[in-house]
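Peer 1: Structure in C-alpha cells, see below.
The values are calculated or read from the model by the stated rules, or taken from the named source; none is laboratory data. Only a predicted model underlies this, so the values are computations on that prediction, with no experimental measurement involved. Neighbour counts run over all protein chains shown; Cβ positions are idealised from the backbone, glycine included. For the accessible areas, the whole protein counts, side chains as well, though only heavy atoms, and no ligand, DNA or RNA atoms are used. Shrake-Rupley method; radii C 1.70, N 1.55, O 1.52, S 1.80 Å.
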Amino acid sequence: MKAVSYSSFGSPSSVLNVLDIEKPKPKANEVLVKLYFSGVNPSDAKARAGGRPGVSNPPFDRIIPHSDGSGIIVEVGKNISSKRRNERVWIWNGAWNRAFGTAAEYICLPADQAVKMPSSMSFEHGACLGIPGLTAAQLICMQSNIEEKTIFISGGNGAVGHLAIQLAKYRGAQIIATARADKVKKLKDLGADFVLDYADPGLDKKVLECAPNGVDYAVEVEFGENINVIPKIMRAMGTVSIYGSGKNMNPQFPFGEYLFKSLTLNMILVYLMPTPLRKRLIKIIHDAYVKHALFPSIDSIYELGDCAKAHEQVMKPGRNGTVLLKID
C-alpha cells in the first residue's frame, strides 16, 4: 500500500516521503480500514516538526502521521463481528501512541476506534471529527446545561471553533466568538450572536458590552495570548476550558485576578478522553449532524503525494476549517 511517512523531525518537504509498504493485517479485536480521507491537524504538523513538549526524538523508527480519517472496513480480526465488513467509519486516535496513522491507503486499529458513520454523513465530514469534532464536543457538552448562558469562544473560525459555535447554538447558548474581521458573516451564519475582532486592544470592553454581567463559560484556543483578558470578561465562579496555547506555551499567570473571581480552569486533551465520555460525545455529534445542526468546514483537500503542502497549510493562520488528504 502507499503511505506517507517520516523517520526524523524536520520541515514537511524534507522529511515526508511517499513509500510502498505491506498492507497490514488486523489482529484480534482490530479492523482493517480502507481509507478515503485523512484529516490533518496542527498537532500532526507539530509532532512531525518535533514540537511536542518533552519529545526530542521520534518515538518510532518510522511514523505514518495523522490521527483522523474515514473509510470502509474491509477486514476484521478475531472477536469482531463479520457484520462490520463494508461499514462506513470515521477514525479517532489513529496515530496516538501508534506508529502508523491515517496518511495511508489502509490502517489497522482497535475496532472501537473505527466509528460507524450515520448514513447521511460524507467521508469528507467523517474525517473532520476525530480531533476537531470531539474536542469541540468536549468543550461545549461537558457543561451540563448551557441553555441561555453566555459562552465566549476564542478562534471561532478554526477547525474546532466553528464546530464549537454550532454545538453551543444547538444546545441553546448565547455565543460571543472572536475571529478575523472578515469572518463576521460566516460565524454569524453558523450561530454566533456576536463576533469580535480577536486583535482588538479593547476586546475585554467589547465582550462586556455584549454580556454586561460577564461570561458564564469560556472556550480558549490561545490561553497564553488571552490570559490577561479572560478574568476581565468572566463572571465570578465562571469556568474556562483551555485546549490550546500555541503562540505562548509558557505564559506568566496573573494568579490574583483568577483567584478573586474563583475561576475554574479545565485543560482539554482529546487524546486522553475517557471511553464513557467519548461514547456520549459521539452520540451528540451524530445527532447534531443528522439534524443538520453540525456541518464541518473544509479548508482544502490535497492528494496523498502532496502531504507536505497539507502540513504547511494546516499551520497557516486564518484557515477555513479542516485540511484533508484524499486517499482514494
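Peer 1: Taking R0 as 30 Å, what FRET efficiency do you get between Met249 and Ser8 from their Cβ-Cβ distance, rounded to the nearest 0.05?
Peer 2: Details: r = 23 Å, r/R0 = 0.76.
Computed FRET efficiency for Met249 and Ser8: 0.85.
Peer 1: Output ³J(HN,Hα) for region 143-148: one whole-Hz value per residue in order, computed from phi by the Karplus curve 6.51 cos²θ - 1.76 cosθ + 1.60 with θ = phi - 60°, and x for Gly and Pro.
Peer 2: In residue order, the calculated couplings are 7, 4, 8, 10, 4, 6 Hz.
Peer 1: Would you mind computing, in nm to one decimal, how far apart the modelled labels at Asn145 and Asn17 are, each placed 7 Å from Cα along Cα→Cβ?
Peer 2: 5.9 nm
Peer 1: When the Cα centres of region 263-307 and region 144-215 are compared, how far apart do they sit, in Å?
Peer 2: 18 Å
Peer 1: Antiparallel versus total DSSP beta bridges in region 194-315: what percent is that, nearest 5?
Peer 2: Values: 1 of 10 bridges.
That works out to approximately 10 percent antiparallel.
Peer 1: Right, another one. Given a 1.4 angstrom probe, what's the average accessible area per residue across region 2-61, in square angstrom? Present the calculation step by step, with values, prior to reporting the outcome.
Peer 2: Details: 3060 Å² over 60 residues.
Accessible surface, normalised per residue, equals 51 Å².
Peer 1: Each residue of region 20-34 in turn: what ³J(HN,Hα) in whole Hz from Karplus with 6.51, -1.76, 1.60 and θ = phi - 60°, glycine and Pro shown as x?
Peer 2: With the stated coefficients, region 20-34 comes to 9, 10, 5, 5, x, 10, x, 8, 4, 6, 10, 10, 9, 10, 7 Hz.
Peer 1: Skipping prolines and chain starts, which residues have an amide H placed within reach, meaning under 5 Å, of the one on Val76, given they are 5 or more residues away or on another chain?
Peer 2: Leu32
Peer 1: When the chain is fully extended, how far beyond the present Cα-Cα distance does Asp189 get from Thr275, taking 0.36 nm per residue of separation?
Peer 2: Numbers: separation 86, 0.36 × 86 = 30.96 nm, distance 3.30 nm.
Result for the pair: 27.7 nm of gain on full extension.
Peer 1: Taking N as the number of residues in region 1-61, what is its Cα Rg relative to 2.2 N^0.38 Å?
Peer 2: That works out to 1.30 for region 1-61.
Peer 1: Further question: Residues with beta-carbon under 12 Å from that of His66, excluding His66: net charge, scoring Lys, Arg +1 and Asp, Glu -1?
Peer 2: Details: positive: Arg48, Arg98; negative: Asp44, Asp68.
So the environment of His66 carries a net charge of 0.
Peer 1: Let me ask something else. Which value in nm describes the separation of the simple spin-label points at Lys316 and Asp204, placed 7 Å from the Cα toward the beta carbon?
Peer 2: Calculated label separation equals 3.5 nm.
Peer 1: Towards the positive end of the charge dipole of the chain, with charges on Cβ (+1 Lys, Arg; -1 Asp, Glu), say which of Ile233, Val323, Asn79 has the farthest Cα.
Peer 2: Asn79
Peer 1: Show log10 I(q)/I(0) for region 65-198 at q = 0.09, 0.11 Å⁻¹, two decimals, from a solvent-free Debye sum over equal Cα scatterers.
Peer 2: Computed log10 I(q)/I(0) values: -0.34, -0.49.
Peer 1: Using the Cα centre of the chain as origin and beta-carbon charges of +1 (Lys, Arg) and -1 (Asp, Glu), tell me which of Gly133, Val89, Leu19 is placed farthest towards the positive end of the dipole.
Peer 2: It is Val89.
Peer 1: What does the extension gain come out to for Met1 and Lys116, with contour length at 0.36 nm per residue minus their alpha carbon separation?
Peer 2: That pair, Met1 and Lys116, stretches by 39.0 nm at full extension.
Peer 1: If I take R0 = 30 Å and measure r between the Cβ atoms of Asp61 and Arg235 in this structure, what FRET efficiency does the formula 1/(1 + (r/R0)^6) give, to the nearest 0.05?
Peer 2: Values: r = 51 Å, r/R0 = 1.71.
For R0 = 30 Å, the calculated efficiency reads 0.05.
Peer 1: Hey, can you grab everything whose amide H is under 5 Å from the amide H of Lys149? Only 5+ residues off in sequence or another chain; H modelled, so Pro and N-termini drop out.
Peer 2: Answer set, sorted by chain and number: Gln174.
Peer 1: How much of the pair distance distribution for the chain lies past 29 Å, counting alpha-carbon pairs only, in percent?
Peer 2: 38 percent
Peer 1: Could you tell me which chymotrypsin sites (Phe, Trp or Tyr not before Pro) in region 139-216 are loop residues by DSSP with no more than 12 other beta carbons within 10 angstrom of their beta carbon? Provide the component values of the computation, followed by the final result.
Peer 2: Values: sites: Phe152, Tyr170, Phe194, Tyr198; in loops: Tyr198.
Sparse-neighbourhood loop chymotrypsin sites (Phe, Trp or Tyr not before Pro): none present.
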